[in-house]
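Below is one structure, written out as structure tokens; the observations come after it.
Just so it is clear, none of the values below were taken in a lab; they were calculated from the coordinates. Note that the structure is a prediction, hence the values are computed from the model and not measured. Ideal geometry is used to build each Cβ from the backbone, glycine not excepted, and the neighbour counts take in all protein chains shown.
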Amino acid sequence: MDGKIDFPPIEEALNEPNGLLAFGGDLEPQTLIKAYSQGIFPWFSDQEPILWWSPNPRMVLFPDKFHISRSFKRALKKAQYTVHFDRDFETVINHCAKTRKDGLGTWITQSMKDAYIELHKQGIAHCLEIDVNGELIGGIYGLALDNIFYGESMFSLQTNGSKFALFELCKYLIKHDYRILDCQAHSEHLESLGAEMISIRKFKGYLPLKINLK
């Protein structure tokens, strides 16, 4: 660990590369909660120090704006899947670590895995899994703070696996009055599902007013 860090305002993030705000610090639960509540997230490789990001503009998905295409509507009608919440967080994050993330494109390091598994144990990080015939086909994980779900990564082992997971997550977020799903960096795939880019100033307006750190 590199010690504690004081995050500057997200408006001070660099334009090139888009969103780099700070480096160093640690991945302790309090540090991560503090970062996410301010609209900042870690993204780095094993060979780098911990890098903290807040891209401008920011990609978000308003849960009620999830786009259901004609082909996905047909897939939903045919699909017979089961949804599980927080069944096996470690399995979900391990599957996500096997695939490249969109946008900045780094790997989920072992230190990141350990950090989010600890957040899951504390009831802050959550996952959703999709099964078909008892077989895992997709999933997603992220953090829930106040009325924002900060999406971290998703995976698909079969066609539409991650789409089903995101669709079900949006249904859950609507039911429980979450305002937005933070998608972090731009992705054409997420854009096709209804995600959109908003200014960092607008995004900041959705952030929690206060988070109690234990």
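Starting from the Cα-Cα distance between Q30 and K4, subtract it from 0.36 nm times their residue separation and give me the gain in nm to one decimal. Spell out each step's value before the answer.
Details: separation 26, 0.36 × 26 = 9.36 nm, distance 0.99 nm.
Result: 8.4 nm gained on full extension.
Within the set K78/K202; K98/K202; K78/K171; K78/K175; K4/K171; K121/K163, which residue pairs have Cα atoms separated by over 30 Å? Spell out each step's value before the answer.
Details: K78/K202 38 Å; K98/K202 33 Å; K78/K171 18 Å; K78/K175 24 Å; K4/K171 37 Å; K121/K163 26 Å.
Beyond 30 Å: K78/K202; K98/K202; K4/K171.
For the stretch 58-197, what are Rg and Dmax over the alpha carbons, in angstrom?
14.1, 40
Go ahead and estimate [θ] at 222 nm for the chain from helices alone: -39,500 (n - 2.57) per DSSP H run with n ≥ 4, summed, over the residue count, rounded to 500.
Values: 7 runs with 64 residues, N = 214.
For the chain, the value works out to -8500 deg cm²/dmol.
If I stretch the segment between R201 and E16 completely, what's the gain in nm (0.36 nm per residue apart, minus their alpha carbon distance), one decimal?
Working: separation 185, 0.36 × 185 = 66.60 nm, distance 1.82 nm.
Taking R201 through E16 to full extension adds about 64.8 nm, to one decimal.
For a quick check of your reading of the filter: which GluC sites (Glu not before Pro) in the stretch 142-214 sit in a DSSP loop and have no more than 13 other Cβ atoms within 10 Å? Can you show the working numbers first?
Numbers: sites: E152, E168, E188, E191, E196; in loops: none.
Here no GluC sites (Glu not before Pro) fit, given the DSSP loop and packing criteria.
How do 176-187, 13-24 rank on mean C-beta neighbours within 10 Å, highest first? Can you show the working numbers first?
On the way: 176-187: 18.4, 13-24: 15.7.
Taking the mean over residues of other Cβ atoms within 10 Å, the ranking is 176-187, 13-24.
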